[in-house]
Amino acid sequence: MKIMRVYFISFLLLGVLVQLCNGGITSGYLRAADLPDDMPLDSDVFTVPSGPNTPQQVHVTQGNYEGNGVIISWVTPVKPGSNTVRYWKENGKPKSQAEATINTYKFFNYTSGYIHHCIIDDLEFDMKYYYEIGSGKWRRRFWFFTPPKPGPDVPYTFGLIGDLGQTYDSNRTLSHYEMNPGKGQAVLFVGDLSYADRYPFHDNNRWDTWGRFVERNAAYQPWIWTAGNHEIDYVPDIGEIEPFKPYMNRYLTPYKASGSISPLWYSIKRASAYIIVMSCYSSYGIYTPQYKWLEKEFQRVNRTETPWLIVLVHSPFYHSYVHHYMEGETLRVLYEPWFVKYKVDVVFAGHVHAYERSERVSNIAYNLVNGLCEPVPDESAPVYITIGDGGNSEGLLTDMIEPQPSYSAFREPSFGHGLLEIKNRTHAYFSWNRNQDGYSIEADSMLLLNRFWQNTKKRLLDAV
Ligand SMILES: *[C@@H]1O[C@H](CO)[C@@H](O)[C@H](O)[C@H]1NC(C)=O
Ligand SMILES: *[C@@H]1O[C@H](CO)[C@@H](O)[C@H](O)[C@H]1NC(C)=O
Ligand SMILES: *[C@@H]1O[C@H](CO)[C@@H](O)[C@H](O)[C@H]1NC(C)=O
Ligand SMILES: *[C@@H]1O[C@H](CO)[C@@H](O)[C@H](O)[C@H]1NC(C)=O
Ligand SMILES: [Fe+2]
């Protein structure tokens, strides 16, 4: 009997071990996979601000390479209106002024409002600024903070949101991000914004509603944009053959500042982070502009100035859900060797409507004949975090590759958002918060040790 019990226990232990060898944790928390509904057009979050031609859909993003610039954007529905932005430092005088450009676009039978973009790139670092747009009685006032000047030990917190859409769950994701006591200072958005393309003729009115929905956060802190497949809006049947037309008219990026030729891929410094944004729906093969740009870009990163090297790309390199499995494979084959060589700390992706965090692995040894085509543990490799769980109307992905592959550390099909809290050059803390419990719950987390600075006492001493 006793022996039997010992056997039984060893058997259990073995079972646990096998489980570990197979992969990490598949969360026991399973949310009902019902499809979330888009919020109806008359929802409070889509309310048009009162007044005859009042600015709406206000949002800010980083406006230059170093972080002391912003691009302020808004739409006026009826006529161009004022294109002036007035801005000033908190407690500061005098007010400065800058002028926005104005554009409109047509999409099938939709005509956009007047889209304003104002680039301001001579701000002070680490400062609260107020800004005002519109004119007269219907003027609107907002504020934002510029980040501290790039430097190795500047603490900074990023929010992570992906595949947001405009459902009740999207609203919950945004509310949870806003209520998170960790308080993100800027959002890294990993693609798929409005999901307007799910409507007949890609009804671009849903781009407008989305702009009004996110304004409550995006007007006050920069959202760093990544293009996803729902931004392509390529519909030859109705004569719409210019990819990314609505997205690129509405959401600018400071791409020229990093030597990119396209708004779809670019990089920025922000506090202690260097953020590279890739476009997986633009050509990226060898010799293409994006490839050549990225090749130079990695060499340009100065880890003493910006220790944290972060990549944003819509389609994940490593995830273990059935849907979209291996869609990022050609990208991975091309770019993973650089991620390892240049010690990228973390790669954030969306696309897969669920959450997953990888182990530090790489799969770069294969040369067509050696058969070395399995991911292996690699301390120079980034952690891959899939966070396409903003809550859009396509719903969650619950089918997973079984058994859980060894590269997968934690996975859970729930809606949520993430926070990346950079403490100093060696330490950062990532947490993922699921949304459906009525308040922020940290459902997964990881201490990230910087790939460049970890275990390098000498480097630390050198830097002093
Ligand atoms: C655009 O075309 C669709 C389909 O014919 C129609 O339902 C919609 O009302 C039209 N919108 C405008 C602004 O004309
Ligand atoms: C969206 O969330 C906000 C903030 O939590 C809330 O005030 C609002 O009523 C919500 N709207 C909808 C349509 O769920
Ligand atoms: C990297 O950045 C540090 C800190 O800003 C600076 O002192 C150093 O000169 C830079 N190195 C290069 C090669 O530019
Ligand atoms: C960096 O931050 C971590 C976590 O807060 C702390 O334990 C560590 O001592 C810090 N390192 C330095 C060099 O300040
Ligand atoms: Fe996607």
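The values are calculated or read from the model by the stated rules, or taken from the named source; none is laboratory data. All values reported here derive from a predicted model rather than from experimental measurement. Using ideal geometry, Cβ is built from the backbone for each residue, glycine included, and neighbour counts are taken over all protein chains shown. Surface areas here come from the heavy atoms of the whole protein model, side chains and all, with no ligands, DNA or RNA. Shrake-Rupley method; radii C 1.70, N 1.55, O 1.52, S 1.80 Å.
Things to note:
- Residue match in the range 175-184 (condition: part of a loop (DSSP other than H, G, I, E, B) and crowded, with 21+ Cβ neighbours inside 10 Å): yes
- Residue-level analysis places K106 among those that are more than 16 Å from ligand 3 (Cβ to nearest atom), closer than 30 Å to D237 by Cβ and basic (K, R).
- Scanning the range 374-392 for residues being buried (at least 17 other Cβ atoms within 10 Å of the Cβ) and hydroxyl-bearing (S, T, Y) gives a total of 2.
- Y355 vs. criteria in contact with a Gly (Cβ under 7 Å, 6 or more places away or on another chain), aromatic (F, W, Y) and more than 16 Å from ligand 3 (Cβ to nearest atom): yes
- The residue of the range 185-220 that is nearest to ligand 3 (Cβ to nearest atom), among those that are in a loop (DSSP other than H, G, I, E, B), open to solvent by 10 Å² or more (accessible area, probe 1.4 Å) and closer than 30 Å to K423 by Cβ, is Q185.
- Residue check for I72: open to solvent by 10 Å² or more (accessible area, probe 1.4 Å) and either among the aliphatic types (A, V, I, L, M) or over 29 Å from the mean Cα position of the chain (by Cα) (or both): no
- When the range 413-426 is limited to residues that are of a type in the set (S, T, N, Q) and surrounded by 18 or more Cβ atoms within 10 Å (Cβ to Cβ), the one that is nearest to ligand 4 (Cβ to nearest atom) turns out to be T426.
- K296, sole failed condition from (1) in a helix (DSSP H, G or I); (2) among the basic types (K, R); (3) surrounded by 14 or more Cβ atoms within 10 Å (Cβ to Cβ): (3)
- Extreme residue, nearest to T330 (Cα to Cα), among residues of the range 256-278 that are open to solvent by less than 50 Å² (accessible area, probe 1.4 Å) and without any contact (Cβ under 8 Å) to a residue 24 or more places away in the chain: Y266
- Selection within the range 148-170: residues that are away from ligand 5 (no atom under 16 Å from the Cβ) and within 17 Å of the chain's Cα centre (by Cα). The member of this set that is farthest from D38 (Cα to Cα) is Y156.
- Among (1) surrounded by fewer than 18 Cβ atoms within 10 Å (Cβ to Cβ); (2) hydrophobic (A, V, I, L, M, F, W, C); (3) in contact with a helix residue (DSSP H, G or I) (Cβ under 7 Å, 6 or more places away or on another chain), the one test that A365 misses: (3)
- Selection count where residues are under 24 Å from R270 (Cα atoms) and open to solvent by 10 Å² or more (accessible area, probe 1.4 Å), scope the range 162-174: 0
- Residue among Y247, Y281 that is under 17 Å from D192 (Cβ atoms), open to solvent by 20 Å² or more (accessible area, probe 1.4 Å) and within 16 Å of ligand 5 (Cβ to nearest atom): Y281
- Taking the criterion of being more than 21 Å from the chain's Cα centre (by Cα) and modelled with pLDDT of 95 or more, the residues of the range 52-69 that qualify are N53, T54, P55, Q56.
- Of all the criteria given as (1) open to solvent by 10 Å² or more (accessible area, probe 1.4 Å); (2) part of a loop (DSSP other than H, G, I, E, B); (3) more than 16 Å from ligand 3 (Cβ to nearest atom), the one not satisfied by Y429 is (2).
- Residue count, the range 44-62 (criterion: assigned to a loop (DSSP other than H, G, I, E, B) and open to solvent by less than 10 Å² (accessible area, probe 1.4 Å)): 2
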